[in-house]
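Structure first, then comments.
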Amino acid sequence: MKQIGIVACSAEGAALCYRTIALEGARVMGPHDHPEVSLHNHSLAQYMSFIYVHDWNGVAELMLSSAEKLEKTGADFLICPDNTIHQALPLMRERSPLPWLHIAEVVTEQAVERGFHKIGITGTKYLTDSDVYPTALAARSLAYARPTPEERDHIDRIIMDELVYGVFKPEAVSYFQKVIGHLKSQGCDAVVLGCTEIPLLMNDSNSPLPTLDSTRLLARAAVKQAMDAVAAEGV
């Protein structure tokens, strides 16, 4: 079975991704079982020092550094449970020693399978301002909508000042519900939780729209890819 390498960025999102791999492995493979996993994490502060000045080449070099370290641990492919830094993936993907699963492509595939047509995008302001999800969604002929600039700024503050520290407030839930309600009024039939901490706050039970949980979807896709290697060898 292939070994999964996790290129981590924020601790809460990476922890949820790792935990989901373990739980999904047990669900599909048997009690207490899951693929082998390695994780490497430069500090979020290092990433943010580049993101604040829009230096995506700097972000790409951190990701490449993690990729090279994970290759040495025996990882066969890589995932990154951080939507924002996927902006830098195209800048280093060809130099990477290992292949990557792209979080937005995984989420988009799920949106297609579930029959959604217009997706609301939530996440950090750097993610919602970017083409990470619009590019993936457009490739599958899906429409999208983004929060207003003011909503993006407020959501970014919730993520960076609260969620990445494991702080989850009722006021934050209420604000996300308001923003997702606005996206619904624009014709969205689903919303992507495009920051890997948002699923710790929002889910189908408290969201005005069906949710696309980017963290857990990526983790499940990684387990499937690791298991597909075994199936292919048995053919």
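The values are calculated or read from the model by the stated rules, or taken from the named source; none is laboratory data. What you are looking at is a predicted structure, and each value in this text was computed from that prediction instead of being measured. Don't worry about glycine lacking a Cβ; one is built from the backbone with ideal geometry, like all the others, and counts go over all protein chains shown. Ligands, DNA and RNA are stripped out before the accessible areas are found, and what is left, the full protein with its side chains, is counted by its heavy atoms. Shrake-Rupley method; radii C 1.70, N 1.55, O 1.52, S 1.80 Å.
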Please state which of the following conditions ASP33 fails to meet, knowing it meets all the rest: (1) of a type in the set (Asp, Glu); (2) in a helix (DSSP H, G or I); (3) open to solvent by 60 Å² or more (accessible area, probe 1.4 Å).
-> (2)
Reported set for segment 48-97 where residues are over 24 Å from ARG157 (Cβ atoms), of a type in the set (Gly, Ala, Ser) and without any contact (Cβ under 8 Å) to a residue 40 or more places away in the chain is ALA60, SER65, SER96
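Just to check your reading of the model, which residue among ALA22, ALA11, ALA45, ALA26 is within 25 Å of GLN225 (Cα to Cα) and open to solvent by 50 Å² or more (accessible area, probe 1.4 Å)?
Values: ALA22 fails: open to solvent by 50 Å² or more (accessible area, probe 1.4 Å); ALA45 fails: within 25 Å of GLN225 (Cα to Cα); ALA26 fails: open to solvent by 50 Å² or more (accessible area, probe 1.4 Å).
Answer to the check: ALA11.
Name every residue in segment 20-47 that is touching a residue at least 24 places away in the same chain (Cβ under 8 Å) and out of contact with any Lys or Arg (no Cβ under 9 Å at 6 or more places or on another chain), in order of residue number. Break it down stepwise before answering.
Our first condition is that a residue be touching a residue at least 24 places away in the same chain (Cβ under 8 Å); within segment 20-47, this holds for 20-21, 24-25, 28-29, 34-42, 44, 47.
Residues satisfying the conditions are GLY25, MET29, HIS34, VAL37, LEU39, ASN41, HIS42, LEU44, TYR47.
Okay, residues lined up against (1) part of a loop (DSSP other than H, G, I, E, B); (2) hydroxyl-bearing (Ser, Thr, Tyr); (3) buried (at least 18 other Cβ atoms within 10 Å of the Cβ):
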residue: LYS72; (1), (2), (3): no, no, no
residue: GLU109; (1), (2), (3): no, no, no
residue: PHE116; (1), (2), (3): yes, no, yes
residue: GLY120; (1), (2), (3): no, no, yes
Given the conditions (1) assigned to a loop (DSSP other than H, G, I, E, B); (2) open to solvent by 30 Å² or more (accessible area, probe 1.4 Å); (3) touching a helix residue (DSSP H, G or I) at 6+ places or on another chain (Cβ under 8 Å), and given that VAL53 satisfies all but one, which numbered condition is not satisfied?
-> (3)
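Going through LEU91, LEU101 one at a time, which residue ends up being among the aliphatic types (A, V, I, L, M), within 22 Å of THR211 (Cα to Cα) and surrounded by fewer than 19 Cβ atoms within 10 Å (Cβ to Cβ)? Even if it seems obvious, please write down each step before you answer.
Details: LEU91 fails: within 22 Å of THR211 (Cα to Cα).
After ruling out the rest, the residue left standing is LEU101.
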Index of the failed condition, THR73 passing every other in (1) of a type in the set (S, T, N, Q); (2) closer than 30 Å to GLN186 by Cβ; (3) out of contact with any helix residue (DSSP H, G or I) (no Cβ under 6 Å at 6 or more places or on another chain) = (2)
What is the residue count in segment 122-136 for residues that are of a type outside the set (A, V, I, L, M) and buried (at least 18 other Cβ atoms within 10 Å of the Cβ)?
-> 8
Output the number of residues of segment 197-231 satisfying the condition of being more than 20 Å from HIS34 (Cβ to Cβ) and among the charged types (D, E, K, R).
-> 2
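Every residue, every condition in (1) in a helix (DSSP H, G or I); (2) loosely packed, with under 15 Cβ neighbours inside 10 Å, yes or no:
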{"residue": "ALA138", "(1), (2)": "yes, yes"}
{"residue": "PRO147", "(1), (2)": "no, no"}
{"residue": "GLU150", "(1), (2)": "yes, yes"}
{"residue": "ASP156", "(1), (2)": "yes, no"}
{"residue": "MET160", "(1), (2)": "yes, no"}
{"residue": "VAL164", "(1), (2)": "yes, no"}
{"residue": "PHE176", "(1), (2)": "yes, no"}
How many of the residues making up segment 187-219 are in contact with a Lys or Arg (Cβ under 9 Å, 6 or more places away or on another chain) and part of a helix (DSSP H, G or I)?
-> 2
Restricting attention to segment 181-223, and to residues there that are out of contact with any strand residue (DSSP E or B) (no Cβ under 8 Å at 6 or more places or on another chain) and free of Cβ contacts under 8 Å to residues at least 12 places away in the same chain, which single residue is surrounded by the fewest Cβ atoms within 10 Å (Cβ to Cβ)?
-> SER205
